[in-house]
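Remarks on the structure that follows.
The values are calculated or read from the model by the stated rules, or taken from the named source; none is laboratory data. Quantities reported herein were computed from a predicted structural model and do not represent experimental measurements. Using ideal geometry, Cβ is built from the backbone for each residue, glycine included, and neighbour counts are taken over all protein chains shown.
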Amino acid sequence: MESSDDLFRGVVVVASVLLIMALVASAIGINSVDISGFSAVILCAVIALGVQWSSWVPASVKQTERFFDITGGVTYLAIVVFSLWAGAHSESPSSREWIVSALVVIWALRLSSFLFLRIHRAGKDGRFDRLKTSPVRFIVPWTLQGLWVFLTMSVVIVINSQSGPAPDLSMWDVMGMVLWLIGFGIEVVADTQKTVFNSKPENRGRWINDGLWAHSRHPNYLGEILLWTGIAFFGISCFEGLEMVAWVSPVFVYILLTRISGIPLLDERAIAKWGDDPDYQQYRTDTPALVPRLRALRP
């Protein structure tokens with residue numbers, strides 16, 4: 001039976017997410033094309049939540065989180081396709097639209113498949129142990145994932161769904177591509193290094209402090225923040241007025257990963273496991289949580 005506290009938290013989360021998405025969509029959709037009388041940006045928000053809630057129902061019945069990450073990837077792909085299709089009602093997609101859409105597709109396919117395979121190898125994700133036993137509690141992560149997708153995709157949604165001609169590519173776009181490539185490269189290398197480290201029996205139960213992880217305790221998150229910042233640069237040449245609210249994307253990614261669900265949760269687990277180990281204490285002292293120290297990069 002659901003407790004009144006669970007129900008209250010669920011209602012608050014859903015209502016808050018709906019309000020945030022509505023406010024952001026109304027701001028960044030000022031120049032969006034309309035589809036059947038609705039802003040394409042609003043429809044992207046509907047898709048983001050609709051896919052999540054449609055997946056939450058069977059996931060709650062089966063009490064499984066195995067398809068949580070892959071559903072997030074599918075949602076990104078659905079919004080890319082829809083926003084490109086919607087924008088084509090005004091003009092054919094520009095080079096900028098094709099580029100940012102391709103970058104999101106590459107990132108989403110890589111990360112969602114990586115996380116999907118990881119959870120299937122592990123059998124479960126400990127974050128969901130308590131949540132998945134209650135539909136009311138379980139709707140919270142699915143709803144927050146819808147918000148995550150919409151806010152991180154806000155720059156791409158605006159670029160793809162704008163009505164009227166798009167300005168030519170500029171140095172801002174080149175800088176955005178460079179940042180994205182650096183961030184994507186860091187994320188892929190960090191994930192690969194950790195997978196290889198964890199696959200070795202002698203490393204079971206240990207923390208990784210090799211490769212990029214010797215310079216940052218969370219290099220994969222550093223890559224994630226950099227690549228979404230790079231995508232935000234693609235909007236500099238074509239955003240006007242309230243469309244600039246879309247730049248909440250990298251800010252949201254940074255705050256979520258460094259202050260809410262990323263680093264704080266992982267650090268809490270790590271301290272619970274290894275907090276009494278002097279070697280781990282030294283690792284935490286010597287290694288920044290996110291951005292490497294310049295001196296640490298010297299050979």
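Things to note:
- Of all residues in the stretch 1-23, those satisfying the criterion of being in contact (Cβ under 8 Å) with a residue 60 or more places away in the chain, surrounded by 12 or more Cβ atoms within 10 Å (Cβ to Cβ) and not basic (Lys, Arg) are ASP6, LEU7, GLY10, VAL13, VAL14, VAL17, ILE20, MET21.
- Every pair of residues 6+ apart whose Cβ atoms lie under 8 Å, when the first sits in the stretch 277-294 and is without any contact (Cβ under 8 Å) to a residue 60 or more places away in the chain while the second is in a helix (DSSP H, G or I): ASP286/ALA296
- Of all the listed residues (ARG269, ARG298), the sole one being out of contact with any helix residue (DSSP H, G or I) (no Cβ under 7 Å at 6 or more places or on another chain), within 28 Å of MET175 (Cα to Cα) and either of a type in the set (Gly, Ala, Ser) or at pLDDT below 95 (or both) is ARG298.
- Qualifying positions in the stretch 230-253 - in contact (Cβ under 8 Å) with a residue 24 or more places away in the chain, under 19 Å from the mean Cα position of the chain (by Cα) and surrounded by fewer than 21 Cβ atoms within 10 Å (Cβ to Cβ): VAL245, TRP247, VAL248, PHE252
- Residue satisfying condition, being touching a residue at least 60 places away in the same chain (Cβ under 8 Å) and over 22 Å from the mean Cα position of the chain (by Cα), within set GLY87, GLY72, GLY29: GLY87
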